[in-house]
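Beneath this line is the structure, given in structure tokens, with notes to follow.
What follows draws every value from the coordinates through simple rules; no lab data is involved. Computed from a predicted structure; not experimentally measured. Every residue, glycine among them, receives a Cβ derived from its backbone with ideal geometry; neighbour counts consider all protein chains shown.
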Amino acid sequence: MLDWYSRRMTTPDIRPSDLTAIGCQVDFLGVNNYFALQAKWVPIRFPLELEESYIGEYRTQMGWGINPEAMYELLVRVGRDCPGVDIIITENGASFRDMISSQGKVEDPYRIDYLRTYLAQVHRAIQAGVGVRGYFVWTLMDNFEWAFGCSQRFGLVYTDYSMQKRAVKTSGYWYREVVTTNGVDL
């Protein structure tokens, strides 16, 4: 890629001492994963433009494709490309249309299914020898999303922004069991 770009535009000045300066042992590699994209290079467009499409039959509220197998493929690739480096999944989650009932409950079976299927692929990667050492759901509670404000709900805890009240979603109770038992029915 560096060669390709250098023929077409200005590239950064990379000196041999740069790799020494930035090359150090890391404690772990954080991986954020929400969806998979299929990218297609369009040669007519310059400098480099891709046509992208989400992979997965089902979609989140954001329109992102749900493709748990892509988590496995990603972890295996990172494990292969960075042997001996511990991996922590620092963000993985999905936005769905969560509604609080008059009884104060939030049923979110799609999120539970999403998390269960993605955790199954994490487990599969661990069984294949990938050094996954941790997993964090995005996120504990509904929050402000940079590009979408408060319109998207990723949390395990429902946030009523107008009343400043919170309610644990069914996915929050489900995930508590996953963490407590250190396992999930796959």
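Here are some notes:
- Binning the C-alpha pair distances of the stretch 1-101 at 5 Å intervals from 0 yields a P(r) profile of 2, 9, 12, 14, 14, 17, 17, 9, 3, 1, 1, 0, 0 %, listed from the shortest bin outward.
- Amide H partners (placed H, <5 Å) of residue 67, local residues excluded: 36
- Residue 99 versus residue 136: modelled label distance in nm, points set 7 Å from Cα along the beta carbon direction: 3.3 nm
- Using 0.36 nm per residue and subtracting the Cα-Cα separation, the extra length available between residue 147 and residue 6 on full extension is 47.5 nm.
- Principal axis dimensions, the stretch 131-186 - Cα atoms, whole angstrom, descending: 38, 24, 16
- Length available on full extension from residue 24 to residue 59: 0.36 nm per residue minus the Cα-Cα distance, which gives 8.7 nm.
- With all pairs of different C-alpha atoms in the average, the Kirkwood value for the hydrodynamic radius of the stretch 88-151 is 13.7 Å.
- Looking at the stretch 50-148, the trypsin sites (Lys or Arg not before Pro) that sit in a DSSP loop and have at most 11 other Cβ atoms within 10 Å of their own Cβ are 97.
- Between helix 68-81 and the chain: long-axis angle, C-alpha atoms, 0 to 90°, nearest 10: 40 degrees
- Ordered by the number of other Cβ atoms lying within 10 Å of each residue's own Cβ, fewest first, 112, 89, 22 fall into the sequence 22, 112, 89.
- Computed over the stretch 55-94, the ratio Rg/Rh where both radii use C-alpha atoms and Rh is Kirkwood: 1.07
- On Cα atoms only, tilt of 109-127 relative to the major axis of the chain in degrees: 50 degrees
- Its Kirkwood hydrodynamic radius, worked out from the mean inverse distance over all distinct Cα pairs, puts the chain at 19.1 Å.
- For residue 135, residues with placed amide H under 5 Å, excluding near neighbours: 89
- Folded to 0 to 90 degrees: helix 170-181 orientation relative to the chain principal axis, Cα: 70 degrees
- Under the convention that each Lys and Arg Cβ holds +1 and each Asp and Glu Cβ holds -1, the size of the dipole of the stretch 51-166 around its Cα centre is about 360 debye.
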